[in-house]
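Only one structure is covered here, and it is reproduced in the block below.
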Amino acid sequence: MARGVKVAVISTAFAVMVGGAGYGAYNIVSALNGDGGTGAAGSSDAKRSGPPSKDEVAETSKKFFAAWEKGEAASAASYTNNSTVAEQLLTAYSDTAHITDVRITPGTATGDTVPYGVKATVKYAGKSKPLSYRSRLTVVRGVTTGRALVDWKPSVVHPELQTGDTLVTEESANPPIEAVDRDGVVLTKAKYPSLGPVLDALRAKYGEQAGGTPGIELSIRHQTEGVAETSLLTLAKGKAGKLETTLSATAQAAAEKAVKLYDQSSVVAVKPSTGEVLAVANNRKDAFNAAFEGTVAPGSTMKIITAAMLIDNGVTSMNGPAPCTEDAVWQGQTFRNLTGMQPNLNATLANSFMRSCNTAFIKLIDEKPLTDESLTKEAEERFGINHDWQTGIVSFDGKVPAVSGPDRAAGAIGQGQVQMNPLNMASVTATAITGAFRQPYLVSPKLDDRQLATAKGLPYNTASQLKQMMRLTATQGTAAKAMAGLGGDIGAKTGSAEVDGNAVSDSWFTGFRNDVSAAALVQGGGHGGDAAGPIVAAVLRAAG
């Protein structure tokens, strides 16, 4: 990391107030900062109200750009509505990022928004390189003074900056890597954009072990501890070390294309016979790897684990009874099925599974010998959930807590306190169809002697029934539409997870085709088969 270099980091307190609390926080910040400071930057303006005029937008942005070009951080910050935080980042722009000769070309304003292009030079340790990019800013009315001010966001300085980030130019903290897929195909951010955060994380962990030497780079340093820096510009190339991954370029390309169908979507594909991760992709505005690190309710995809619990404990079997009633009451809380589902009092577990009947599963969790701990034990001991997975990068390995009351029933259908991500659910499917838990991983554990998590897996009889129920779901049940046209041995499970405060549920889907399992999440995507389903099907079509 930095060698004796002072890094300006955006104040967490201000970041929370500005980024998370909306209009009320804007008033607080404005009051603390005098709407961007006082003095020559606008002391002669009379207090005004209403949206800034066209002339005010032009004048404010012009003055802000002029001060920024001159490297006058305090002056430029005074034209913003958060001068303290703005000054820190604008100071870092020249002092720690070593960006000079800044020239800003404004575009045509649209209302209060001004697009612009930036051309500059990065100079460090006798090396220099041109830098160019485009961004935009918005001019707002200051609450306290009535001045027209730049609405401060880190993206004003660079479009890839987020709250808490700063810019640094120095010898890179980690040597570069040349990541390759399982067949030796080079994986780059340019060709596989969704892999950007994953490649950064792999570089941070394995750069030195891969045998490379560091270069000099302009990078984004993130506030969150453990998050790898994001390289923006290389002034002097280091030597890249070769890093072999388990990814498949073919599967990755399909995953990248598939997640573009929906915002806030993520997908993971794994090889059930080995645990190797074949693809990981996200379509998000931030750099968060939700596919590996997400912590959200998995909806009815959780019924794979719940069904395994019922079979393992002798409560029922795929051909045994699992009546689908109109509603089910558990300790005072009423649970219902999706709108339009017809009750079937003679349903088997296979029938209720493929139709995704909530009430059938909730009514069965009261049967002996099941307890508050039964679902947790099934998830952890059989499927390896919450077992400290060592994938090669940061990942969340699922959570199925032992709970009582209504949350016990909610957990059985993937709601309540259960938390998963696509990596977890792709692994759950892999365990369900093979009977063996093989912890997913991106980089061979032989490289750094990592100890992969273990679990005892499923009895053969249980795995056989789960696989057959998933086959029925993919061909006759809720997943049939999404899986239509796929050949080979296929199976699936749909899920919709309600999220407090959201009008539309999260869309979940997990499935398999031959020796590939995949799971996808589309936050706010609705029914599992409608949004997440086509994503999984596209990946299975390419990789299975």
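The values are calculated or read from the model by the stated rules, or taken from the named source; none is laboratory data. This one's a predicted model, so the numbers in the text were calculated from it and none came from an experiment. Every residue, glycine as well, gets a Cβ built from its backbone with ideal geometry; the counts of neighbours run over all protein chains shown.
Structure data summary
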quantity: Within segment 461-478, tally of residues that are in a loop (DSSP other than H, G, I, E, B) and over 13 Å from A532 (Cα atoms); calculated: 2
quantity: Those residues of segment 387-408 which are more than 15 Å from the chain's Cα centre (by Cα), surrounded by 22 or more Cβ atoms within 10 Å (Cβ to Cβ) and among the aliphatic types (A, V, I, L, M), in sequence order; calculated: V400
quantity: Those residues of segment 369-395 which are in contact with a Phe, Trp or Tyr (Cβ under 8 Å, 6 or more places away or on another chain) and either over 27 Å from A179 (Cα atoms) or aliphatic (A, V, I, L, M) (or both), in sequence order; calculated: R382, F383, G384, I393, V394
quantity: Residue in segment 446-461 that is farther than 16 Å from L310 by Cα and surrounded by 24 or more Cβ atoms within 10 Å (Cβ to Cβ) present; calculated: no
quantity: Residue in segment 398-405 that is in the same structural domain as G495 (by TED's automatic domain parsing), basic (K, R) and within 20 Å of T295 (Cα to Cα) present; calculated: yes
quantity: Residues within segment 85-112 that are in a strand (DSSP E or B) and buried (at least 17 other Cβ atoms within 10 Å of the Cβ), tallied; calculated: 3
quantity: Residue list for segment 376-405, filter: in contact with a Leu (Cβ under 9 Å, 6 or more places away or on another chain) and closer than 13 Å to N424 by Cβ; calculated: F383, W389, T391, S395, F396, D397, G398, V400
quantity: Number of the condition not met by A228 [criteria: (1) out of contact with any helix residue (DSSP H, G or I) (no Cβ under 7 Å at 6 or more places or on another chain); (2) surrounded by 22 or more Cβ atoms within 10 Å (Cβ to Cβ); (3) farther than 30 Å from N461 by Cα]; calculated: (1)
quantity: Candidates K481, K493, filtered to the one that is part of a helix (DSSP H, G or I), in contact (Cβ under 8 Å) with a residue 24 or more places away in the chain, closer than 13 Å to D530 by Cα and in the same structural domain as G275 (by TED's automatic domain parsing); calculated: K481
quantity: Residue in segment 94-138 that is farthest from L233 (Cα to Cα), counting only those that are free of Cβ contacts under 8 Å to residues at least 12 places away in the same chain and over 33 Å from the mean Cα position of the chain (by Cα); calculated: T108
quantity: For E378: the one exception among (1) in contact with a Gly (Cβ under 9 Å, 6 or more places away or on another chain); (2) of a type outside the set (S, T, N, Q); (3) buried (at least 21 other Cβ atoms within 10 Å of the Cβ); calculated: (1)
quantity: Answer residue from segment 264-288, given it is modelled with pLDDT under 95 and among the charged types (D, E, K, R) and is surrounded by the fewest Cβ atoms within 10 Å (Cβ to Cβ) among those; calculated: K285
quantity: Subset of segment 462-483 that is surrounded by fewer than 23 Cβ atoms within 10 Å (Cβ to Cβ) and of a type in the set (V, I, T) - its residue that is nearest to A412 (Cα to Cα); calculated: T462
quantity: Some residue of segment 484-498 being farther than 26 Å from A253 by Cα and surrounded by fewer than 22 Cβ atoms within 10 Å (Cβ to Cβ); calculated: yes
quantity: Some residue of segment 427-437 being farther than 23 Å from N319 by Cβ and not in a helix (DSSP H, G or I); calculated: yes
quantity: Per-region count, segment 157-172, residues over 30 Å from T80 (Cβ atoms) and either touching an Asp or Glu at 6+ places or on another chain (Cβ under 6 Å) or crowded, with 21+ Cβ neighbours inside 10 Å (or both); calculated: 1
quantity: Tally, over segment 236-263, of residues that are at pLDDT 95 or above and crowded, with 19+ Cβ neighbours inside 10 Å; calculated: 14
quantity: Any chance L187 is surrounded by fewer than 23 Cβ atoms within 10 Å (Cβ to Cβ) and hydrophobic (A, V, I, L, M, F, W, C); calculated: yes
quantity: Segment 326-339, subset touching a strand residue (DSSP E or B) at 6+ places or on another chain (Cβ under 9 Å) and without any contact (Cβ under 8 Å) to a residue 60 or more places away in the chain, residue surrounded by the most Cβ atoms within 10 Å (Cβ to Cβ); calculated: N337
quantity: Failed item in (1) buried (at least 19 other Cβ atoms within 10 Å of the Cβ); (2) modelled with pLDDT of 95 or more; (3) of a type outside the set (D, E), with P115 passing the rest; calculated: (1)
quantity: Residue count, segment 499-512 (criterion: surrounded by 24 or more Cβ atoms within 10 Å (Cβ to Cβ) and either within 22 Å of I433 (Cβ to Cβ) or not acidic (D, E) (or both)); calculated: 6
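One line per residue, one yes/no per condition, for (1) in a loop (DSSP other than H, G, I, E, B); (2) over 18 Å from A201 (Cβ atoms); (3) outside the structural domain of P214 (by TED's automatic domain parsing):
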{"position": "T234", "(1), (2), (3)": "no, yes, no"}
{"position": "A254", "(1), (2), (3)": "no, yes, yes"}
{"position": "K257", "(1), (2), (3)": "no, yes, yes"}
{"position": "L261", "(1), (2), (3)": "yes, yes, yes"}
{"position": "V268", "(1), (2), (3)": "no, no, yes"}
{"position": "S273", "(1), (2), (3)": "yes, yes, yes"}
{"position": "V277", "(1), (2), (3)": "no, no, yes"}
{"position": "V280", "(1), (2), (3)": "no, no, yes"}
{"position": "K285", "(1), (2), (3)": "yes, yes, yes"}
